[in-house]
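Here is the structure we will look at.
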Amino acid sequence: YDGVDLIFDCLDGIPSRLHLQEMGERYSIPLVHGAIGGWFGQVAIVWPGSKLLSNVYGTKREGIEKTLGNPPFTPAFVATLMVSEGVKLLLGKKKKENTVIFADLLNNQWQYITL
């Protein structure tokens, strides 16, 4: 991980995401997290030591995508938002806060929740 400034979470399982969070903590590298389920998505910067994903997922080991499926536009939207957040971080334009962006593409609603 020498020379790595940022980790992107492009995984589809909660246990794998939690492992990636641990790797970010171990090597002091921020993680750009993204997850999708149906018309919904979430994006966050997981700062080393924040345990943000542990707080978001709790004891859950399976996401809502198993029930809701994933239309083709949701991953594209969440990926775009992830890249935007990652670039802001790399450019020093991102505050260090534990905020999750929740997107509801069906109703065009956004929520920013600070944990």
Note on Y57: of the conditions (1) surrounded by fewer than 16 Cβ atoms within 10 Å (Cβ to Cβ); (2) in contact (Cβ under 8 Å) with a residue 40 or more places away in the chain; (3) over 23 Å from D5 (Cβ atoms); (4) not aliphatic (A, V, I, L, M), unmet is (1)
Taking the stated definitions as given, is P75 under 15 Å from the mean Cα position of the chain (by Cα), in contact (Cβ under 8 Å) with a residue 24 or more places away in the chain and not in a loop (DSSP other than H, G, I, E, B)?
yes
Of the listed residues (I14, I36, I45), the one being over 17 Å from K95 (Cα atoms), crowded, with 16+ Cβ neighbours inside 10 Å, of a type outside the set (S, T, N, Q) and touching a Lys or Arg at 6+ places or on another chain (Cβ under 7 Å) is I14
All conditions in (1) farther than 16 Å from L115 by Cβ; (2) surrounded by 14 or more Cβ atoms within 10 Å (Cβ to Cβ) are true of G92 except (2)
With criteria (1) in a loop (DSSP other than H, G, I, E, B); (2) more than 14 Å from A35 (Cβ to Cβ), N70 comes up short on (2)
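Read-outs: derived from the displayed coordinates by stated rules, not from any lab. Source: prediction; values computed, not measured. With ideal geometry, Cβ positions are generated from the backbone for all residues, glycine too; neighbour counts draw on all protein chains shown.
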